[in-house]
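**Q** Structure incoming, see below.
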Amino acid sequence: MSKARIAVLVSGGGTNLEALLNAQEAGKLPHGEIVLVCASNEGAYALERARNHGVPATVVARKAMSQSAFETALSIKLAAYRVDVIILAGFLSILSEEFVSRWPDRMINIHPSLIPAFCGKGMYGLRVHEAALERGVQITGATVHLVNEIPDGGRILLQKAVEVLPDDTPQTLQRRVMEQAEWVLLPQAAEMVCRELAERETP
Ligand code: GAR
């Protein structure tokens, strides 16, 4: 395998997807290729970003289906695009343990805190930053990890600390964590995993 085929799964704005696409275009993802962007809802702006970069964008609507039908539909798309690696980039639909177990060391997630702080059930998006401010931490950050267990299990690939400032709101903190940590770490972690896979599968 020269390049691992990547699907990026999204649910919202897609700024992390944009960081991945920009990294790819800048030659910073030499062992991977983003072949599909898949959203769990058709209103996700991330779909627009994918199309702007000429990457196939599709929707598997979580709302319309049971968990198992959703995962079957998702698996069919992933197989059709011969996907090797999944990146969860702000993908807010829960995946079952059974689904996750079929992607050992091949599913990457980004979380906007320093795991094990502020993670687990109900901790996503702005809620993570609200919790960090409520607790009064002075340092937070982002974590990129392999998803081998639900919800935040698996090997930690990269972490980066970010300062919390006295006047922060959840929104200003979220923005700083994205700019200083998420958009930097996710492309680096994607390349790490794709390189490991490409090296393992090339005789
Ligand atoms: C990001 O901050 C990501 O870390 C978070 O959702 C946001 C998506 O933003 N993910 C989680 O909270 C997962 N538990 P984006 O759509 O602009 O990339």
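Readers should treat all values here as calculations from the given coordinates under stated rules, not as data from a laboratory. Predicted model only: the values in this text are computed from it and were never measured. Every residue, glycine as well, gets a Cβ built from its backbone with ideal geometry; the counts of neighbours run over all protein chains shown.
**Q** Please compute the length gained on full extension between residue 94 and residue 1, using 0.36 nm multiplied by the number of residues separating them and subtracting their Cα-Cα distance.
**A** Once the chain is fully extended between residue 94 and residue 1, it gains 30.5 nm.
**Q** If you don't mind, there's one more thing I want to ask. In what sequence do 202, 15, 143 fall when counting other Cβ within 10 Å, fewest first?
**A** Placing the least packed residue first, the sequence is 202, 15, 143.
**Q** Return the single residue from 31, 53, 145 with maximal mean-square fluctuation; model: Gaussian network over the chain, springs between Cα atoms under 10 Å.
**A** 53
**Q** Here's something else I'd like to know. Out of residues 5 or more away from residue 84 or on other chains, whose amide H comes under 5 Å of its own, with H placed 1.01 Å from N in the peptide plane?
**A** Here 5, 6, 7 satisfy the definition.
**Q** Which residues' amide hydrogens lie under 5 Å from the amide hydrogen of residue 118, considering only partners 5 or more residues apart or on another chain, with H built in the peptide plane?
**A** Residues meeting the amide H criterion: none.
**Q** For the chain, set up a Gaussian network in which alpha carbons nearer than 10 Å are linked by springs, and say which option among 190, 131, 50 fluctuates the most.
**A** Residue with maximal mean-square fluctuation among 190, 131, 50: 131.
**Q** So what's the gap between the Cα centers of segment 151-203 and segment 119-141, to the nearest angstrom?
**A** 16 Å
**Q** Under the Karplus relation 6.51 cos²θ - 1.76 cosθ + 1.60, θ = phi - 60°, what is the ordered set of whole-Hz ³J(HN,Hα) values for segment 176-188, x standing for Gly and Pro?
**A** So the J values, rounded to whole Hz, are 5, 5, 5, 5, 8, 10, 4, 5, 8, 6, 4, x, 5.
**Q** Using label points projected 7 Å from each Cα along Cα→Cβ, tell me how many nm separate residue 175 and residue 160, to one decimal.
**A** Each label point is offset 7 Å from its Cα along the Cβ direction, giving 1.8 nm.
**Q** Okay, moving on. Karplus couplings for segment 163-171 from phi (6.51 cos²θ - 1.76 cosθ + 1.60, θ = phi - 60°), rounded to Hz, Gly and Pro as x?
**A** Along segment 163-171, the couplings run 6, 9, 9, x, 8, 4, 9, x, 6 Hz.
**Q** Whose amide H sits under 5 Å from the amide H of residue 158, counting only residues 5 or more places off or on another chain, with H placed in the peptide plane?
**A** 144
**Q** Looking at the chain, send over the antiparallel percent of its DSSP beta bridges, to the nearest 5.
**A** Around 40 percent antiparallel, to the nearest 5.
**Q** Next question, about the same structure. Please list, in order along segment 117-132, the HN-Hα scalar couplings obtained from phi with the Karplus expression 6.51 cos²θ - 1.76 cosθ + 1.60 (θ = phi - 60°), rounded to whole Hz, x for Gly and Pro.
**A** 6, 6, 9, x, 4, x, 9, 8, x, 4, 4, 5, 6, 4, 5, 5
**Q** For the pairs 28/160; 3/160; 3/63; 63/160, note any where the Cα-Cα span goes beyond 23 Å.
**A** Those over the limit are 3/160; 3/63; 63/160.
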